[in-house]
Number of protein chains: 2
Amino acid sequence: MALYVYKFGGTSVGSIERIKAVAERVKKVREAGDDLVVVLSAMSGETNRLIGLAKEMQAEPNERELDAMISTGEQVTVALLSMRLNEIGCPACSYTGTQVRILTDSSFTKARIKEIDDTRIRTDLTEGKVVVVAGFQGVDEDGNITTLGRGGSDTTAVALAAALKADECHIYTDVDGVYTTDPRVEPKARRLDRITFEEMLEMASLGSKVLQIRSVEFAGKYNVALRVLSSFAEGNGTLITYEESQMESALISGIAFNRDEAKLTITGVPDLPGIAYKILGPIADANIEVDMIVQNIAADATTDFTFTVHRNDFLRAKTILDAICADLGARKVSADNNIVKVSIVGVGMRSHAGIASTMFKTLANEGINIQMIATSEIKISVVVDEKYLELAVRSLHSAFGLEQA
Amino acid sequence: MALYVYKFGGTSVGSIERIKAVAERVKKVREAGDDLVVVLSAMSGETNRLIGLAKEMQAEPNERELDAMISTGEQVTVALLSMRLNEIGCPACSYTGTQVRILTDSSFTKARIKEIDDTRIRTDLTEGKVVVVAGFQGVDEDGNITTLGRGGSDTTAVALAAALKADECHIYTDVDGVYTTDPRVEPKARRLDRITFEEMLEMASLGSKVLQIRSVEFAGKYNVALRVLSSFAEGNGTLITYEESQMESALISGIAFNRDEAKLTITGVPDLPGIAYKILGPIADANIEVDMIVQNIAADATTDFTFTVHRNDFLRAKTILDAICADLGARKVSADNNIVKVSIVGVGMRSHAGIASTMFKTLANEGINIQMIATSEIKISVVVDEKYLELAVRSLHSAFGLEQA
């Protein structure tokens, strides 16, 4: 007999019929003898509806009040599922974050979980009940309702799985797992049976938005086996774990890409100590996040300095950089927001040489010019012209044999 | 500087615009220097919408889950009002029943308040904040969310006023006070400036549904001055208190009526001890509430026994009574659901004789036959044919001079 934590997102509980379908699925697992804790989001659209009401009341809604209000969305779905389970002969009981006591800090709208009291849940499980918990929410020391931010229900599920030492945490979503790359770009993309936490983090932060990064970090930290599955189809989804043994043969696991970046270059900067800080300090002060950074020393003892930012911050960053350029007596600023970052990700890189050169050769063969390169232990990212995105992804997908299991 | 508890019902917070109007009203009072605790219902229709969802999940929704779910309606309105108040420069903070800690028993859907913790409210009031409390809900010893039943927000307001020793508890509703009778039946009906708790209880239980009986009882028990006012119009409404001094001149305060009753008579019952129990015992066992009871001994040493029940229970009561009739060897059962009960209510009866005879004479003058009579210390009720309802009410209203202040 195993203990599972299942999490169903907003589309999975988006209507009466879907909640009934979730109940049937839960009942089947329960009847097979496993213990189950189910975490739910609000019905899809509900949280945004409530935020809309809030904004009619207050231009920038008070965050304490906002959290108290939007937490009602999950309070409704958990009660509905619990009713349905009881109706179909599967004893169940629902809890809000306050009732479980999912203790968080007081950072309204983006609270962090500090502690989970598992007493009531354990008692219910012992009595054979399915426990249904409102995702996305907690309570602070003073009894104020908090929420965990977008995607917070995933975090709730993983944190509960960790606290309860569950065998697996299943995240039911509208995709049936993690793919080698986005199937809309490469139709040959293949669902992965397994992926490591580290790879998943790189994939997620690079734009494969299946799971919230925070919940993956949390799962990795507490070694919670995480499985991503479809709410609407059968299948085993993708398991995210630490176990690499069965994946040794795979050099890389997937290809991620990100269209949301823009590139800024300042050339002819006098090559003096502290130059990186002088350039990036004002950018950071303006709350602009920098992703890739490349610095090269030119022959004339000046430096060329290139970095990428989110496209939303592109114009602000350009303005700041123009001022810095004048200050430093640098040659010029060039800016490009028609770029894309393509990354290959895989723990296999650790033990295999030659992966980078395979990547560069593949891109060269297709005539794709590489504008920037950045590497980490399990990832190599390149910046290329936006128009090459599909070509780059497909040629790399094929070069690394990702279409075969 | 006074402390008021204001309660606004579902229609008063039924839209964004109305919540904004409530905020303006509250702000004005606060700025005049008084302390304010505001109790809100859910937006009109919301509770029924949620109950509808629940019934799609479970034929008879689990009451614990139902309470957790429907309590979200008030959780939303209090957050919205609090946001609005903060937006217009009137500091405010909202609380659910759990957060205040309105401790109740565990009778889900009809819980009773046991205790209110006023710590957080007092702190906020001291800091100059308006405190906005979700009506209708509480929490039991185990942290389960409970609701107080229909009209529970009135009870929340009165209980808070009692706990905080507020100067007055204002119930804002869609009528502007308590009337001498229903203005739809007697257009000359007049709003009362004052009425006593006892009179209000008799008026309410007899069908003038302005306030929930429980909240009036509660107010009477804890001596909370209760005022009924309109959310949508100016005016002082009706004050409900113990003070009778200013009302001494009024013989009766109002005329109530109830169209929801039906009359059952069993005639020719052998007049033996215990006969009332033999008749009413089985009725009570069937969970049918009996209102008026009249028993007369006939010349032939048999008894005629008449009582009224709610019309919804009429057929069931008739069936039971037919069986009893056969058992007891009584003559026959007659039943009539075309009746109405008309009552005059007033504390003035205590000190004035002749009120009953004025009532009977007035009805006789109009040719209205009285079928049953029941009296209490401050009320006289008669049962008459339904078709005489309007005539009876209007003639009594005029006979007791109720159209004049």
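Quick one: which of A:A399, A:A374, A:A353 is touching a residue at least 60 places away in the same chain (Cβ under 8 Å) and among the small types (G, A, S)? Break it down stepwise before answering.
Values: A:A399 fails: touching a residue at least 60 places away in the same chain (Cβ under 8 Å); A:A353 fails: touching a residue at least 60 places away in the same chain (Cβ under 8 Å).
Just one listed residue meets the conditions, A:A374.
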Task: Positions within the range B:89-128 being in a loop (DSSP other than H, G, I, E, B), touching a residue at least 40 places away in the same chain (Cβ under 8 Å) and facing another protein chain (nearest Cβ under 9 Å), in sequence order - done: B:T96
Task: Failed item in (1) surrounded by fewer than 18 Cβ atoms within 10 Å (Cβ to Cβ); (2) under 16 Å from B:Q75 (Cβ atoms), with B:N144 passing the rest - done: (1)
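From the list A:A79, A:A23, A:A68, which one is more than 7 Å from every other protein chain (Cβ to nearest Cβ), over 22 Å from the mean Cα position of the chain (by Cα) and of a type in the set (G, A, S)?
A:A23
Residues are listed down the side, and each one gets a yes or a no for (1) farther than 30 Å from A:L389 by Cβ; (2) touching a residue at least 40 places away in the same chain (Cβ under 8 Å); (3) hydroxyl-bearing (S, T, Y):
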position: A:I255; (1), (2), (3): no, yes, no
position: A:L264; (1), (2), (3): no, yes, no
position: A:P273; (1), (2), (3): yes, no, no
position: A:K278; (1), (2), (3): yes, yes, no
position: A:A299; (1), (2), (3): yes, no, no
position: A:I320; (1), (2), (3): no, no, no
position: A:K341; (1), (2), (3): no, yes, no
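For the range B:294-329, which positions are β-branched (V, I, T) and not in a helix (DSSP H, G or I)?
Answer for the range B:294-329, where residues must be β-branched (V, I, T) and not in a helix (DSSP H, G or I): B:V294, B:I297, B:T302, B:T303, B:T306, B:T308, B:V309.
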- [ ] Report yes if some residue within the range B:293-306 is surrounded by fewer than 11 Cβ atoms within 10 Å (Cβ to Cβ) and modelled with pLDDT of 90 or more; otherwise report no.
- [x] no
TODO: Just one of (1) more than 9 Å from every other protein chain (Cβ to nearest Cβ); (2) crowded, with 23+ Cβ neighbours inside 10 Å; (3) farther than 17 Å from B:D142 by Cβ; (4) of a type in the set (V, I, T) trips up A:V133, so point out which.
DONE: (3)
Open item on the list: Looking at the structure I just gave you, is B:K7 more than 9 Å from chain A (Cβ to nearest Cβ), over 26 Å from the mean Cα position of the chain (by Cα) and either without any contact (Cβ under 8 Å) to a residue 40 or more places away in the chain or not in a loop (DSSP other than H, G, I, E, B) (or both)?
Closed with: no
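Please go through the range A:26-43 and pick out each residue that is among the hydrophobic types (A, V, I, L, M, F, W, C), over 24 Å from the mean Cα position of the chain (by Cα), buried (at least 21 other Cβ atoms within 10 Å of the Cβ) and not in a helix (DSSP H, G or I). Explain how you work it out, then say what you get.
So the first thing to find is which residues in the range A:26-43 are among the hydrophobic types (A, V, I, L, M, F, W, C), and the list is A:26, A:29, A:32, A:36-40, A:42-43.
After this cut, where a residue has to be over 24 Å from the mean Cα position of the chain (by Cα) as well, the list is A:26, A:29, A:32, A:36.
After this cut, where a residue has to be buried (at least 21 other Cβ atoms within 10 Å of the Cβ) as well, the list is A:26, A:36.
Result: A:L36, single match.
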Task: Hey, A:E56 in contact with a helix residue (DSSP H, G or I) (Cβ under 7 Å, 6 or more places away or on another chain), under 23 Å from B:L53 (Cβ atoms), at the interface with another protein chain (Cβ under 8 Å from one of its Cβ atoms) and surrounded by fewer than 20 Cβ atoms within 10 Å (Cβ to Cβ) or not - done: no
TODO: Working only within the range B:379-392, note down all residues that are touching an Asp or Glu at 6+ places or on another chain (Cβ under 7 Å) and either at pLDDT below 95 or of a type in the set (D, E, K, R) (or both).
DONE: B:K379
Task: Per-region count, the range B:279-292, residues farther than 13 Å from B:T308 by Cβ, surrounded by 14 or more Cβ atoms within 10 Å (Cβ to Cβ) and of a type outside the set (V, I, T) - done: 1
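Just need a number here: residues in the range A:338-356 that are in contact with a strand residue (DSSP E or B) (Cβ under 8 Å, 6 or more places away or on another chain) and surrounded by 13 or more Cβ atoms within 10 Å (Cβ to Cβ). First the steps, then the outcome.
Start the filter on the range A:338-356 by keeping residues that are in contact with a strand residue (DSSP E or B) (Cβ under 8 Å, 6 or more places away or on another chain), which leaves A:338-347, A:349, A:355-356.
If we keep only those that are surrounded by 13 or more Cβ atoms within 10 Å (Cβ to Cβ) as well, we get A:339-347, A:349, A:355-356.
So the count comes out to 12.
Is there a residue in the range B:377-393 that is polar (S, T, N, Q) and out of contact with any strand residue (DSSP E or B) (no Cβ under 9 Å at 6 or more places or on another chain)?
Step one: of the range B:377-393, the residues polar (S, T, N, Q) are B:381.
Among the residues that remain, those that are also out of contact with any strand residue (DSSP E or B) (no Cβ under 9 Å at 6 or more places or on another chain) are: none.
No, every residue in the range B:377-393 fails to be polar (S, T, N, Q) and out of contact with any strand residue (DSSP E or B) (no Cβ under 9 Å at 6 or more places or on another chain).
I need the full set of residues from the range B:37-80 which are acidic (D, E), free of Cβ contacts under 8 Å to residues at least 60 places away in the same chain and in contact with a Gly (Cβ under 9 Å, 6 or more places away or on another chain), in order please. Before the answer, list the steps.
Filtering the range B:37-80 for residues acidic (D, E) gives B:46, B:56, B:60, B:63, B:65, B:67, B:74.
Next cut, free of Cβ contacts under 8 Å to residues at least 60 places away in the same chain only: B:46, B:56, B:60, B:63, B:65.
Selection gives B:E46 alone.
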- [ ] Check A:M43, A:M1, A:M69 and return the single one that is modelled with pLDDT under 95 and either at positive phi or not small (G, A, S) (or both).
- [x] A:M1
Task: Breaking point among (1) within 11 Å of another protein chain (Cβ to nearest Cβ); (2) more than 25 Å from the chain's Cα centre (by Cα); (3) surrounded by fewer than 24 Cβ atoms within 10 Å (Cβ to Cβ), for A:E46 - done: (2)
Task: Selection from the range A:124-165 of residues that are farther than 19 Å from A:V26 by Cα and either in contact with a His (Cβ under 9 Å, 6 or more places away or on another chain) or hydroxyl-bearing (S, T, Y) (or both) - done: A:T146, A:T147, A:T155
Task: Failed item in (1) out of contact with any Gly (no Cβ under 7 Å at 6 or more places or on another chain); (2) of a type outside the set (S, T, Y); (3) within 14 Å of another protein chain (Cβ to nearest Cβ), with B:V139 passing the rest - done: (1)
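The values are calculated or read from the model by the stated rules, or taken from the named source; none is laboratory data. Everything quoted here is computed from the prediction, not taken from an experiment. Heads up, the Cβs are rebuilt from the backbone with ideal geometry, glycines too, and the neighbour counts pull from every protein chain shown.
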